[in-house]
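The values are calculated or read from the model by the stated rules, or taken from the named source; none is laboratory data. Given the structure is predicted, the values throughout are model-derived calculations rather than measurements. Note: ideal-geometry Cβ built from the backbone for every residue, glycine included; neighbour counts use all protein chains shown.
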Amino acid sequence: MANDHHHHDHDHSELSDTQLRVRALETVLTEKGYVDPAALDLLIETYEKKVGPRNGARVVARAWANPAYRARLLKDATPAIGELGYAGRQGEHIVAVENTPTLHNMVVCTLCSCYPWPVLGLPPVWYKSAPYRSRAVADPRGVLKDFGVTLPASTKIRVWDSTSEIRYLVVPMRPAGTDGWTEERLADLVTRDSMIGTGLPKSPKDLA
Amino acid sequence: MNGPQDLGGMDGFGPVEPEPNEPVFHDDWEKRAFALTLAMGMPGGWNIDQSRFARENRSPAEYWSMSYYQIWFAALERMLKERALVTDDEVVAGHSLHKPKPVPRVLSPGDVLKVLHRGGPTERPTNTKPAFKPGNAVRAKNINPPTHTRLPRYVRGHVGTVDRVIGFHVFPDSNATGAGENPQWLYTVRFEGRELWGPDGDPTSQVSVDAWESYLTPAD
Amino acid sequence: MNGAADMGGMDGFGPVVQERNEPVFHAGWEGVSFALNMVTGVARLWNLDAFRFKRESIPPPEYVNLSYYGLWTRTLELMMLEYGVATPAEIEAGRAIAPFKKAPRAVTAAECADMVRCGSPYNRPAPSPALFKVGDKVRAKNMHPKAHTRLPRYVRGHVGEVVRIVGCHVFPDSNASNLGEDPHWLYTVRFDGRELWGEQSDPTVRVCIEAWEPYLEPV
Amino acid sequence: MQLRTRALQTILTEKGYIEQAAIDELIETYEKKIGPRNGAQVVAKAWTDPKFRKWLFEDGTAAIGSLGFGGRSGNHLVALENTPHVHNMVVCTLCSCYPWAVLGLPPLWYKSAPYRSRTVADPRGVLRDFGVALPKDTEIRVWDSTAELRYMVVPMRPAGTDGWTEDKLVELVTRDSMIGTGFAKSPKDLR
């Protein structure tokens, strides 16, 4: 049975094989002058160190603290997010969707892995995985259970399948007991998952 | 295409397993594969819809067994070979064996941040008016093109409500085959969970997709 | 369930590849895998629908990468575990580990020959008259049960015509979950290819499926 | 897989569920005895005997049973008639249902993902993989075996076979012609 699959050895040899192939291709492309290795390093550094969910957290915190900003964000998110300096690739057209006590939003890309890079960075593996992509649209409550999140039975769940170049950012509900907090302090409550809709923001006692 | 990428509503893949403190990349080769894909966009000259089609247009046996960046890398190899920017013998040798083909531009380190910041907007100018407005009932057409499309199988044939007119955007179905941008009005369409999944659906759930005008027919 | 088994209309699997002078079995173990599944069927350790449900529940990446009889063997392992015929340690060791419960008796070669000759008919006495008649227009329901069903995704929501009343048959959706045979009327329903695949598709194609009454609604 | 299959065989034997003889009997039956030759006899008889032909299309199980074929994967048989205007094809999109009683066990391609996925959506494309081209206006009826009904196709009788005996006609009936992915052979193919 040539097709037989033994996941352990398979994955292992596949990985080292991929490693070699990636290295080979990078060498070829560099030698041909199609890519500049310094540009590659800068791309990696940007997404590994600079662009991440901290950006989105600042956007959410500002929306919590500043009603005028919140209104701008919900009306037209791309320029509102741009005010904080976040823009560009995989975030050319951003829509912010707001959670309320009766409505919970969740974002998925069933067809590939669309995700708002400028505000959340690159997506985690689970977001790109077949279990999440297959189930989020048909059984969002079941998926939330995998994340340990239970919503009231009456809460409406709205799933946004990112099928175009629009990227969605969930604005979670502001936790209770945060009156008078500064934006900076509020940003610490905003988790990545709460901006995808698979989690809720932290509460003040989680920070203590 | 009704390929392995069109996962919405499939059963059997098991639970979602979030990884605590997940790193951005799991291995050095993932970083390189990611950066190579981004950096080759400019000299390679392909568009995002062509990249997506290169990723999804493979056997489910292969697609469902590969990791995320393995799929990216396989698509990059395919697009480079299709355009003869790299040849099989070069991939095997791990070195350039033939003269490079002329390319429009190479991404320089100085350009990286500018290019990322600019992104690739897909909105286009128009004098036309959208055929639908928010609140209209629309039916997603039953189309099954063998090539790239962004209308998932699970909404086809179903009736939803236009929620938002997004704008006039590049049409991926034609852009992916090199047949031009053919921009169209793009809408957010909301479907009730019960409409999509029948009595097995969660009555409190709704699903939105972004749908181009040619995916839709009036359902009023 | 909308598992990997439900392949109708999927793209990407490539051309149909035929093998010249294909043998019935490609290796000795394939014949054994086949025979083991027949014998465990005769022994009534589980029903066919439950076996099919287990097979299609295998995660899609594994399902599409196993060979045909590889899938049978894998399913048999899972069924033996679920129905307490073997323990994980026994499967691992490849032998029975004492103490174990012996089967009341073994299936004999004669019983197997009988099964080959007589099969196992699935028609049952009808509890009520058939709801539909030949020529009726019916819609396949838009249903997405998590358990076994024999209504393929590609017909759901679509309108077809009853072309034959087959009889009253064991209902797999119930039988697979060991909820009883719950027999229902079974129909052959014909769909126009364009109804299933859209206006651009081949107008000369018709597709027929068998559908139990609970899969259908009048149009 | 060989080891894993043998392991299950050992466990079931040691626990007394099965006898080696039963396994041998089954393998022998489907490897040597039951095969497309059975179906070919059904088709040849339908070509030569109008009464049988009528019976076959009215009640496939009974007519086929009269030749001694039936039982496992053949309790509910339906014969489908190809004509100059209608071509029938059989598939099982959900698993691998197949009329064992008349055709034996299915070939690999019948059970493969390409055949199962494409036949219901693009039967002409699948036929092309078999080197078969039908006239553009021929209606193609695909039968997806979703229940315990099993289908066999009765291909069109080839020209130039007037007066042939059943035995001689049997030689023309291929397995694929009874699934609908091929035609019966023509007399010149036999030479």
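Within the stretch B:180-193, residues that are facing chain A (nearest Cβ under 10 Å) and more than 11 Å from residue B:164 (Cβ to Cβ) sit with their Cβ atoms under 7 Å from residues that are surrounded by 20 or more Cβ atoms within 10 Å (Cβ to Cβ) and β-branched (Val, Ile, Thr), at 6+ positions apart or across chains, in these pairs: B:191/B:155; B:191/B:207; B:193/B:207.
Among residues of the stretch C:167-203 being at the interface with chain D (Cβ under 7 Å from one of its Cβ atoms) and surrounded by 21 or more Cβ atoms within 10 Å (Cβ to Cβ), the one that is nearest to residue C:154 (Cα to Cα) is C:197.
Name every residue in the stretch D:115-127 that is in contact (Cβ under 8 Å) with a residue 12 or more places away in the chain and either facing chain C (nearest Cβ under 7 Å) or buried (at least 23 other Cβ atoms within 10 Å of the Cβ) (or both), in order of residue number. Matches in the stretch D:115-127: D:115, D:116, D:117, D:119, D:120, D:123, D:124, D:126. Looking only at residues that are surrounded by 22 or more Cβ atoms within 10 Å (Cβ to Cβ) and among the small types (Gly, Ala, Ser) in the stretch C:10-36, which one is farthest from residue D:174 (Cα to Cα)? The qualifying residue farthest from residue D:174 (Cα to Cα) is C:12. Applying the condition of being hydroxyl-bearing (Ser, Thr, Tyr) and free of Cβ contacts under 8 Å to residues at least 60 places away in the same chain to the stretch A:43-70 and asking which residue is nearest to the other protein chains (Cβ to nearest Cβ) yields A:46. If you go through the stretch D:1-12 and keep only what is in contact with a helix residue (DSSP H, G or I) (Cβ under 7 Å, 6 or more places away or on another chain) and either assigned to a helix (DSSP H, G or I) or modelled with pLDDT of 95 or more (or both), you end up with D:2, D:4, D:5, D:6, D:7, D:8, D:9, D:11, D:12.
Which members of the stretch B:102-125 meet the condition of being assigned to a helix (DSSP H, G or I) and of a type in the set (Asp, Glu)? Within the stretch B:102-125, B:111 is the sole residue that qualifies. Residues that are assigned to a helix (DSSP H, G or I), touching a residue at least 40 places away in the same chain (Cβ under 8 Å) and more than 15 Å from the chain's Cα centre (by Cα) are absent from the stretch B:90-98 altogether.
Taking the numbered list (1) farther than 20 Å from residue D:167 by Cβ; (2) free of Cβ contacts under 8 Å to residues at least 12 places away in the same chain in turn, residue D:60 passes all entries but (2).
Scoring residue C:39 on the criteria (1) out of contact with any strand residue (DSSP E or B) (no Cβ under 8 Å at 6 or more places or on another chain); (2) surrounded by 21 or more Cβ atoms within 10 Å (Cβ to Cβ); (3) under 24 Å from residue C:181 (Cβ atoms); (4) not small (Gly, Ala, Ser) leaves a single failure, condition (1). Among the residues of the stretch C:117-124, at least one is among the hydrophobic types (A, V, I, L, M, F, W, C), more than 14 Å from chain B (Cβ to nearest Cβ) and assigned to a helix (DSSP H, G or I).
Counting the residues of the stretch B:158-214 that are within 26 Å of residue A:135 (Cα to Cα) and either within 16 Å of the chain's Cα centre (by Cα) or small (Gly, Ala, Ser) (or both) gives 13.
Out of all the residues in the stretch D:81-98, which are touching a helix residue (DSSP H, G or I) at 6+ places or on another chain (Cβ under 8 Å) and over 24 Å from residue C:54 (Cβ atoms)? Hits for the stretch D:81-98 are D:81, D:89, D:90.
Whether any residue in the stretch C:11-31 is of a type in the set (S, T, N, Q) and assigned to a helix (DSSP H, G or I) is what I want to check. Scanning the stretch C:11-31 turns up no residue that is of a type in the set (S, T, N, Q) and assigned to a helix (DSSP H, G or I). Which one is surrounded by the most Cβ atoms within 10 Å (Cβ to Cβ), of the residues in the stretch A:93-111 that are polar (S, T, N, Q) and in a loop (DSSP other than H, G, I, E, B)? Once the filter is applied, the top-ranked residue is A:110.
Scanning the stretch C:82-102 for any residue that is closer than 27 Å to residue D:116 by Cα, of a type outside the set (Ser, Thr, Tyr) and part of a helix (DSSP H, G or I) turns up nothing. Among the residues making up the stretch A:125-147, those that are buried (at least 21 other Cβ atoms within 10 Å of the Cβ), at the interface with chain B (Cβ under 7 Å from one of its Cβ atoms), within 19 Å of residue B:151 (Cα to Cα) and in contact with a Ser or Thr (Cβ under 8 Å, 6 or more places away or on another chain) are A:133, A:134, A:137. Counted as qualifying within the stretch C:130-219 are the strands (runs of 3 or more DSSP E) with 2 or more residues that are at pLDDT 95 or above and under 21 Å from the mean Cα position of the chain (by Cα), namely C:159-169, C:184-192, C:205-212.
Being in contact with a Pro (Cβ under 6 Å, 6 or more places away or on another chain), outside any loop (DSSP other than H, G, I, E, B), β-branched (Val, Ile, Thr) and over 30 Å from residue B:45 (Cα atoms) is not true of residue B:189. Restricting the stretch B:126-157 to residues that are of a type in the set (Ser, Thr, Tyr) and within 14 Å of chain C (Cβ to nearest Cβ), the residue that is nearest to the chain's Cα centre (by Cα) is B:149.
Close Cβ contacts (under 6 Å, 6 or more residues apart or on different chains) running from residues in the stretch B:117-130 that are in contact (Cβ under 8 Å) with a residue 12 or more places away in the chain to residues that are assigned to a loop (DSSP other than H, G, I, E, B) and surrounded by 15 or more Cβ atoms within 10 Å (Cβ to Cβ) comprise B:122/A:165; B:122/B:170; B:124/B:183.
Considering each residue of the stretch A:184-208, count those that are more than 25 Å from residue A:122 (Cβ to Cβ) and either crowded, with 16+ Cβ neighbours inside 10 Å or small (Gly, Ala, Ser) (or both), and give that number. Within the stretch A:184-208, residues that are more than 25 Å from residue A:122 (Cβ to Cβ) and either crowded, with 16+ Cβ neighbours inside 10 Å or small (Gly, Ala, Ser) (or both) number 2. Of D:167, D:162, D:137, all but one fail to be more than 7 Å from chain C (Cβ to nearest Cβ), without any contact (Cβ under 8 Å) to a residue 60 or more places away in the chain and surrounded by fewer than 15 Cβ atoms within 10 Å (Cβ to Cβ); the exception is D:162. Where helices (runs of 4 or more DSSP H) fall entirely within the stretch B:1-88, those with at least 3 residues that are more than 7 Å from every other protein chain (Cβ to nearest Cβ) are at B:28-44, B:48-56, B:68-82.
Yes/no matrix, rows are residues, columns are (1) facing chain B (nearest Cβ under 8 Å); (2) part of a loop (DSSP other than H, G, I, E, B):
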| position | (1), (2) |
| --- | --- |
| A:159 | yes, no |
| A:164 | yes, yes |
| A:176 | no, yes |
| A:193 | yes, no |
| A:201 | no, yes |
